[in-house]
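What follows is one structure encoded as structure tokens, with my remarks underneath.
The values are calculated or read from the model by the stated rules, or taken from the named source; none is laboratory data. Being a predicted model, the structure only gives us computed values, none of them experimental. In this analysis, Cβ positions are derived from the backbone assuming ideal geometry, glycine residues included, and neighbour counts consider all displayed protein chains.
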Amino acid sequence: MSYDVTVNLNGTSFGVRFKPSWSIARLKAEIARKRNVSAVGLKIIFAGQELPDTMTLGNCQMNHSVIHAVISLDATYDGNKTATQAANLTNVTLTQDDAEDGGSPQSGRQSYFYVYCKTCKRLTQGKLRCRCSSCKEGSFVLTQGPNCWEDVLTKARMPGRCESSGNCQCTTAEFYFKCGEHRDSDEQAPLSMLKSNIRNIPCITCSSETA
């Protein structure tokens with residue numbers, strides 16, 4: 001089974017088909033082949049995180065997503081030594097405020113965001129993404145991930161570094177939401193009060209634990 005991803009590199013976008021078993025290093029090699037560039041020094045940035053070469057694409061949840069490929073200017077850069085950031089936006093859980101417990105639920109089930117999609121005209125699962133608060137490029141690496149809705153809804157609250165080819169020096173991010181069911185880049189309004197029942201709390205009416 002193969003999946004599709006859109007890659008942004010040096011201001012141009014192109015499609016790449018990949019298999020979930022591929023590593024990030026294998027994806028870099030495919031990007032390098034398609035664009036006739038060297039895979040050495042190539043960084044892959046997705047959802048606020050620089051992905052290490054050893055990571056498997058099946059664990060990244062990037063099907064039908066946009067990723068950013070950046071050519072590092074650091075001659076000593078080694079993708080094998082890239083530390084996995086705690087800023088992975090594909091499985092982050094947001095609380096209503098900083099005082100709430102933001103830890104992972106014991107059930108191990110994934111938390112989902114919900115949006116009202118103007119294209120689908122209905123409630124859908126959403127994707128949380130980040131970009132540079134200055135140049136708006138998605139090639140932004142977070143220093144740490146958001147913990148609460150205020151982190152996400154307040155512009156320039158979360159720190160990081162912009163890796164855009166335009167030499168942007170901005171160090172703060174802004175977040176936005178997309179519909180998880182189609183490729184369109186339209187931003188959608190998040191429904192912060194609507195959450196999956198990842199803690200298996202029974203309904204007071206029917207006692208069901210259905211999410």
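Condition test on Thr90, is it within 22 Å of Glu137 (Cβ to Cβ), among the hydroxyl-bearing types (Ser, Thr, Tyr) and modelled with pLDDT under 90? Spell out how you get there, then give the answer.
Values: within 22 Å of Glu137 (Cβ to Cβ): yes; among the hydroxyl-bearing types (Ser, Thr, Tyr): yes; modelled with pLDDT under 90: yes.
Considered against the rule, which asks whether it is within 22 Å of Glu137 (Cβ to Cβ), among the hydroxyl-bearing types (Ser, Thr, Tyr) and modelled with pLDDT under 90, Thr90 comes out as yes.
Checking the conditions here, which among Lys127, Lys155 is modelled with pLDDT under 90, within 19 Å of Gln61 (Cβ to Cβ) and among the charged types (D, E, K, R)?
On the way: Lys155 fails: within 19 Å of Gln61 (Cβ to Cβ).
When all the criteria are applied, what remains is Lys127.
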* Asked: In region 144-172, how many are outside any loop (DSSP other than H, G, I, E, B), of a type in the set (A, V, I, L, M, F, W, C) and farther than 19 Å from Val115 by Cβ?
  -> 1
* Does Asp74 meet the test of being among the charged types (D, E, K, R) and at pLDDT below 90? -> yes
* Asked: So which residues in region 1-45 are assigned to a strand (DSSP E or B) and either among the polar types (S, T, N, Q) or free of Cβ contacts under 8 Å to residues at least 40 places away in the same chain (or both), if there are any at all?
  -> Thr6, Asn8, Thr12, Ser13, Phe14, Gly15, Val16, Arg17, Phe18, Ser23, Leu42, Ile44
